[in-house]
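Some notes on the structure that comes next.
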Amino acid sequence: MNKRTQKSNAKSSTFFGGAAILAASIAVVKVIGALYKIPLGRILGDVGFGHFNNAYAIYNLLLMVSTAGLPVAMSKTISEANALNRRNQVSRVFHVALVTFIILGSISSLIMFLFAQPLANLQGDSLAAPAVRVMALSCFFVCTMSAYRGYAQGHSDMVPTAVSQVLEAMTKLIVGLFLAWYLLRLGFGSEFSAAGAIAGVTASGLVSLVYLMIRFRRKNSAQGLAKTDDRPESAKHILKVLASIAIPITLSSSVVPITTYLDTVQVQNLLQSALGYSEELAVSLYGCYQKAITIYNLPSAFMVSLTACIVPAVSAALTKKDKIGAGKIAESALRVGALLALPAGVGLAVLSGPIIQMLYPETNQEIASHCLMVLGIASAFVCMMLLCNAILQANGRAALPIWFIAIGSATKLIVNFILVQMPSVGIKGAPVGTLVCFMLVSVMELIAIKRVTPHPPKYLRVFVKPVLAAAIMGAAARAAYGILAGHLGNTMSVAGGIVVGAIVYAILVLVLRIVSKDDLSLMPKGDKIAKLLHIK
């Protein structure tokens, strides 16, 4: 094996290893996030949880605008300079990006702090202002840490990003939950308890930033790299290059947070203006909806490792001119995704009421369980959308998902506007808008894959058996819960329903031969799973 081949293999190994590290960390972060938000919803109650999520929507919007594209642009520019051994250029790019991030973070923080009350009022939740102010500094911390993450990723080192994300999630969990509980115990109102929970987010940003700065300093001082005589480009030129890469990415990435923010503004204001609800009641109902959203977000965590593998696998096949192989990988990915997403979505839908009662016994059961029932089905479409995005990106059609998501988001806001102001529907219309949005996006992307890929998947072969198995599983899980509920408590009955559903589904997967060895090879430890289950 020659040196060039060895170098290529090393790069490939680094890439796949980095993708695996990031995928694993994102999955861990999502699980920790659920462990944070589920008890937080119980501590804060519906109104406090509404305040919390209203502040978070503003934060997400400003953060996405500030950081969505620049870390990618920075890592790409640094990677190119590093490949040419232009260390002075690498250093200049990092410092230009760091200064830019500090400026953007400072502006975002000032906007949140100085305009906290008007921003909260705009959402129809005037009492969210303390939480917005407390979160303001978090924008500065996260923007600054993005420079260090981009630098590490530019050197194909995903460990700092992964570790910092987990540190962030753990700090938020510990500090946020403690402060929310402690402030309530001291007798403060829900708005100040929500601000305490938000303080955990700000603390997590500080801890993560400190870790990244220490690691950056230690690694760069320990490397002892020899100086090079390359002449770096001017700061102005570097900034133009970074902007040319970052702006399109930022525009595309901002669609979802903009829609989320508009959703918070639209829903709560419609409840007050069209239905005559008080501000407190509107925020309380929105808090119920957000509790269902917390659970609905969980299934997509299982797609992270799968989507991380799709792009390089399909790209590698296309590079080798193996269009048939690329098509088979895409089909396997969709089948495995359906195999995981459908039972999760159906399970959330059929057990929505019992799950809400188990996790949030003090919330409005009718509202939250209805929201989760609709969002459970929506979660399956979200998972399919993520897989379709990866397949289109791997086939060089990255722009298509952006347009599809924009169309879906606009549709969601229209559905919200029609349904939420109907007295018989109200807040229950918001999850319907989410379902319509992601169902529409998934269908458009599946049609696009059929038309633009050389050897598109056979959709009947992909979906028919998993849909049948998931439907039977859902019926079995609900029946098991109904039988057990007459003898056991709700929590044990939910657990029993899930276990029965899982057993029935596993049997159906094997009996119907839904999955093949090639399908499982896309999953972590898939070959071992296939061998254990005697799948050929």
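So for Trp403, Trp181, what's the accessible-area order with a 1.4 Å probe, most first? Show your work: numbers first, answer last.
Values: Trp403 170, Trp181 110 Å².
So the residues, ranked largest to smallest area, are Trp403, Trp181.
With all protein chains present and a 1.4 Å probe, how do Val283, Val265, Val511 order by accessible area, largest first? Spell out each step's value before the answer.
Working: Val283 0, Val265 25, Val511 105 Å².
Sorted descending by solvent-accessible area, the residues read Val511, Val265, Val283.
Roll a 1.4 Å probe over the protein heavy atoms and report the accessible area of Ser278 in Å², nearest 10.
Answer for Ser278: close to 60 Å² accessible.
Which aspartates and glutamates have a Cα less than 20 Å from the Cα of Lys450, not counting those fewer than 8 places away in the same chain?
Asp322, Glu331, Asp519
Shape verdict for region 320-429, please, from the Cα gyration tensor: rounded (a/c under 1.5), prolate (a/b greater than b/c) or oblate.
Oblate, because a/c is 1.5 or more while a/b does not exceed b/c.
With a 1.4 Å probe and all protein chains kept in place, how much accessible area does Lys328 have, in Å² rounded to the nearest 10?
140
With every protein chain left in place, what is the accessible area per residue of the chain in square angstrom, probe 1.4 Å? Could the numbers behind the result be given before it?
Values: 24330 Å² over 536 residues.
Each residue of the chain exposes 45 Å² on average to a 1.4 Å probe.
For region 351-505, calculate the relative contact order in percent as a whole number, restricting contacts to Cα pairs under 8 Å that are 6 or more residues apart. Display every interim value, and only then the final one.
Details: 147 pairs, mean separation 37.6, N = 155.
Rounded, it is 24 percent for region 351-505.
Using θ = phi - 60° and the Karplus form 6.51 cos²θ - 1.76 cosθ + 1.60, what ³J(HN,Hα) does each residue of region 130-137 get, whole Hz, x for Gly and Pro?
Each residue's phi maps through the Karplus curve to give x, 5, 4, 5, 5, 7, 3, 5 Hz.
What accessible surface, in Å², does a 1.4 Å probe find on Arg42, ignoring ligands, DNA and RNA and rounding to the nearest 10?
Answer for Arg42: close to 110 Å² accessible.
Where the accessible area of the chain is counted over protein heavy atoms with a 1.4 Å probe, how much of it, in %, is carbon and sulfur? Don't skip to the end; give the middle numbers.
On the way: 16580 of 24330 Å².
Of the solvent-accessible surface of the chain, carbon and sulfur hold 68 percent.
Using the Karplus equation 6.51 cos²θ - 1.76 cosθ + 1.60 (θ = phi - 60°), what ³J(HN,Hα) coupling, rounded to whole Hz, does each residue of region 449-460 give in order, writing x for Gly and Pro?
Computed from phi, the couplings for region 449-460 are 4, 4, 8, 9, 8, x, 10, x, x, 8, 5, 4 Hz.
The values are calculated or read from the model by the stated rules, or taken from the named source; none is laboratory data. None of these values were measured; they are calculated from a predicted model. All accessible areas refer to the heavy atoms of the entire protein, side chains included, with ligands and DNA or RNA removed. Shrake-Rupley method; radii C 1.70, N 1.55, O 1.52, S 1.80 Å.
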